[in-house]
Amino acid sequence: MLLSLPQIDAPPRSTRTHCPYCAFQCGTLLNGSTAASMQIEGDAEFPVNAGRLCVKGWSAGELLGHPDRLLTPLIRGSFGDLLPASWPAALDRIAEAFRRIQAEYGLDGVGLFGSGALTNEKAYLLGKFARVALRTPHMDYNGRYCMSSAAGAGNKAFGIDRGLPFPVSDIALSRTLLVIGSNPFETLPPIGQWFDKQRENGGRLIVADPRRTPTARAADLHLQLTPGSDLALANGLLHIAIEEKFINADFIRERTNGFDAVRRTVLQYYPARVEQLTGVPESTLRQTVRWLAEGTPSMILTGRGPEQQSKGVDGVLGFINLALALGLIGKPGSGFGTLTGQGNGQGGREHGQKADQLPGYRLIEVDAHREHVARVWGVDPASLPRKGRSAYELLDSCGRDGGVRGLMVMGSNVAVASPNSGSVIERLKALDFLAVCDSFANETAELADVVLPVTQWAEEDGTMTNLEGRVIRRRKAVAAPCGVKSDLEILHQLAERLGHGDKFAFASPEAVFEEFRLATAGGTADYAGISYDRIDREDGVFWPCPSEDHPGTPRLFAERFHHADGKAKFHAVQHRPAGEEPSAEFPLYFTTGRYQEHYNSGAQTRRVSKLAGAKPIPRLQIHPELAARLGVESDWFVTVESRRAKVEFTVEVTAGIRPDTLFAPFHWGGRHAANLLTNAALDPTSRMPEFKLAAVRVIGVRAPEFNAAEAIA
Ligand code: SF4
């Protein structure tokens, strides 16, 4: 049966759904039944954002009827242009290319690249498409760039990976809050209301960040650490906690394993050494530990700062060790969590988009896990491929001997979002065939042989899982424009052409969700007890939720952790240098991050007039001391060079950055792309690239001769 989205029913005048962007997944009310008439307001009833939205959420409606919207499939013609084509022709071209490449190079000659922006239903069906329709091991997604180190650490320490193991409202209950390498006041401003309540309740905020961000400026204590020294900081704080007898011996004995090895390891991290490694004064280190230990309940939250490093898993484990040793975990207003980035970064990594995973966090290399999922899918377990390449390794293999020769990218702009992006673009160009499914012609689509236009957030039903592990409903508010299809429908029609249509024939997204519940049943991320009806009634359900009479699990770890013995595991972790450190040749740190006005590769937000008007270009942050040495001022241009590329940026002189560090946002492609400079050194466990740290030098400066906004065009 053909999966199709009805386009003639009249949508309701006001629809409760969620913002299309980040993992906070703010509740929104979409008022109006057409793209042109759409008004967006915050949903005061949704408990996570309680009515607040950031500027991205308010302005998201502009995307729906945007003139840049792709409304017809495109096929690259013989003169090199992308030309309009019919849906059957475009789908035939993709299926024929996949068949031809697999006949010549084997099943693993093709790959799929997914996204943390896809609904749970799409993420699930894309993973199934890779394993059942294409039978390729090479399926990964851009969440590998975002959350994989936090996931790796959570799995090692707790036996489960859920970004926040408690509701976000718990932030307000904490008395001491330590935030490492995250800038939520700028990247997800509605969370600020929980920080404000924490402050009103007498709580303190400590922020560790190389930049003096809006979040750091609001803190009682700012640890402006050296880039790449987060793990040394964590070990140093635990050293002090042991030395000053703040550790919780009862909690360690009753609820954890492995503390002795950690104790021996952190003995080497005496405060004077940690001050040298991190640049944070010993007195500030001691103050941090005292507040965490005495000002309880205390909470530790990490973001991409410590995670997007070649030692990201160990960095997060270092802070989990600290939280466990202080006995913080399992109580309201207390514990350890990570702030997930992408809209469905949480659900996207639970249900089979990762190269080593099957739905429900099952592992593709574990026979019992393969058998369960194969039974649900109605296939022979032996037919399922094994573990494939991680995101960057998959892209880096493109067009090489033994690598992927044909690739389909769904909902990810890998040409901008990947580290060492100049090399990734060259690899994409070396492919025999590239297909892209997206709403807009982004930098990756410009390289494609076939581009398929897809529905957007307000035009479709489905589920997302927010940063708390709360499964919520994305609801259709407007009819999709003529010419576009849902990713679900595309997968079904491609599967039909590849001879597996019966496995992908679903009448609706809800029907996909019903199969997906079965596939996750009994897994770590168990959604078996969650249904669309139940999400509607309860305004979201927290996983794990193994049965319909189970209440869901807002708070993990109150009684036990998810290892077989119910205990958490300490891991002894050592600070080590980054993939590349500053040197005489490349003397400065380069780090990247976000603007409030833009989201990820900017493919959507750069098209929203209000957002593009507020932040039209990326600006390179330079400390006044360094600016004086270089002889540059704000609005001048500097050329920054790493071992991989040279990029010219417009300067923003600010005391909010360290004198040894440069910062640029990564939302732009082309010759101003920050990711041309970044290093693809990978964490050995998570395969997370080291976005947060590259060694660079400034090789040219020039005064402005014309409007900076023109320079970006
Ligand atoms: Fe909320 Fe994030 Fe959307 Fe902003 S971008 S409105 S914080 S979900």
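The values are calculated or read from the model by the stated rules, or taken from the named source; none is laboratory data. These numbers were taken from a predicted model, which means no experiment stands behind them. When we count neighbours, we look across all protein chains shown, and the Cβ atoms used for this are built from the backbone with ideal geometry, even at glycine. To get the accessible areas, we keep the full protein, side chains included, count just its heavy atoms, and leave off ligands, DNA and RNA. Shrake-Rupley method; radii C 1.70, N 1.55, O 1.52, S 1.80 Å.
Annotations for the structure displayed:
- Taken over segment 553-605, the criterion of being within 16 Å of the ligand (Cβ to nearest atom) and either under 30 Å from LEU225 (Cα atoms) or open to solvent by less than 50 Å² (accessible area, probe 1.4 Å) (or both) is satisfied by GLY593, ARG594, TYR595, GLN596, GLU597, HIS598, TYR599, ASN600, SER601, GLY602, ALA603, THR605.
- No other residue among ARG264, ARG212 is in a helix (DSSP H, G or I), open to solvent by 10 Å² or more (accessible area, probe 1.4 Å) and charged (D, E, K, R) apart from ARG264.
- Residue under evaluation THR187, criteria (1) within 16 Å of the ligand (Cβ to nearest atom); (2) open to solvent by less than 10 Å² (accessible area, probe 1.4 Å), criterion not met: (2)
- Filter pass, GLY613 being more than 16 Å from the ligand (Cβ to nearest atom), open to solvent by less than 30 Å² (accessible area, probe 1.4 Å) and more than 25 Å from PRO689 (Cβ to Cβ): no
- Residue pairs whose Cβ atoms lie under 7 Å apart, sitting 6 or more positions apart in sequence or on different chains, and linking a residue in segment 480-499 that is not assigned by TED's automatic domain parsing to the domain that holds ARG99 to a partner that is in a loop (DSSP other than H, G, I, E, B) and hydrophobic (A, V, I, L, M, F, W, C), do not occur here.
- Any hit, segment 8-20, residues being modelled with pLDDT of 90 or more, open to solvent by less than 10 Å² (accessible area, probe 1.4 Å), farther than 20 Å from GLU538 by Cβ and not small (Gly, Ala, Ser): no
- Being in the same structural domain as ILE472 (by TED's automatic domain parsing), at pLDDT below 95 and more than 24 Å from GLY469 (Cα to Cα) is a property that does not hold for SER4.
- Any hit, segment 65-79, residues being within 16 Å of the ligand (Cβ to nearest atom), surrounded by 20 or more Cβ atoms within 10 Å (Cβ to Cβ) and either under 25 Å from the mean Cα position of the chain (by Cα) or not in a loop (DSSP other than H, G, I, E, B) (or both): no
- Scope segment 83-120; condition touching a Leu at 6+ places or on another chain (Cβ under 8 Å), farther than 19 Å from ILE490 by Cα and buried (at least 18 other Cβ atoms within 10 Å of the Cβ); matching residues: GLN102
Residue-by-condition table, conditions (1) out of contact with any Cys (no Cβ under 8 Å at 6 or more places or on another chain); (2) under 28 Å from GLY27 (Cα atoms); (3) open to solvent by less than 10 Å² (accessible area, probe 1.4 Å); (4) assigned to a loop (DSSP other than H, G, I, E, B):
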residue: ALA458; (1), (2), (3), (4): yes, yes, yes, no
residue: ALA477; (1), (2), (3), (4): yes, yes, yes, yes
residue: CYS482; (1), (2), (3), (4): yes, yes, no, yes
residue: LEU491; (1), (2), (3), (4): yes, no, yes, no
residue: LYS503; (1), (2), (3), (4): yes, no, no, no
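- Qualifying residue in segment 191-210 (condition: over 26 Å from GLY228 (Cβ atoms), within 16 Å of the ligand (Cβ to nearest atom) and of a type in the set (S, T, N, Q)): yes
- Of the candidates LEU83, LEU91, the single residue that is over 30 Å from ILE171 (Cβ atoms), assigned to a strand (DSSP E or B) and away from the ligand (no atom under 16 Å from the Cβ) is LEU83.
- The condition of being under 23 Å from GLY27 (Cα atoms), open to solvent by less than 30 Å² (accessible area, probe 1.4 Å) and of a type outside the set (S, T, N, Q) holds for only one of ARG517, ARG473, that being ARG473.
- Answer from GLY422, GLY402 - the residue that is farther than 21 Å from LYS354 by Cα, of a type in the set (Gly, Ala, Ser) and either open to solvent by 10 Å² or more (accessible area, probe 1.4 Å) or over 22 Å from the mean Cα position of the chain (by Cα) (or both): GLY422
- Leading residue by the ranking (nearest to LEU177 (Cα to Cα)) among those in segment 267-320 that are open to solvent by 10 Å² or more (accessible area, probe 1.4 Å) and among the aliphatic types (A, V, I, L, M): ALA293
- Only strands (runs of 3 or more DSSP E) whose full extent lies in segment 576-687 are considered here, and the ones with at least 2 residues that are in contact with a Phe, Trp or Tyr (Cβ under 6 Å, 6 or more places away or on another chain) are 588-593, 619-622, 646-653, 661-665.
- Scanning segment 493-510 for residues that are of a type outside the set (Asp, Glu) and closer than 20 Å to ALA374 by Cβ yields ALA495, LEU498, GLY499, HIS500, GLY501, LYS503, PHE504, ALA505, PHE506.
- When ILE657 is tested against (1) touching a Lys or Arg at 6+ places or on another chain (Cβ under 9 Å); (2) surrounded by fewer than 22 Cβ atoms within 10 Å (Cβ to Cβ), exactly one condition is not met: (2).
- Any hit, segment 228-243, residues being more than 16 Å from the ligand (Cβ to nearest atom) and assigned to a loop (DSSP other than H, G, I, E, B): yes
- Restricted to segment 18-48, and to residues there that are among the polar types (S, T, N, Q) and in contact with a Ser or Thr (Cβ under 7 Å, 6 or more places away or on another chain), the residue that is nearest to the ligand (Cβ to nearest atom) is THR28.
- Cross-chain or 6+ apart pairs with Cβ under 6 Å, segment 41-62 first and free of Cβ contacts under 8 Å to residues at least 40 places away in the same chain, then of a type in the set (S, T, N, Q) and more than 7 Å from the ligand (Cβ to nearest atom): ASP43/THR28
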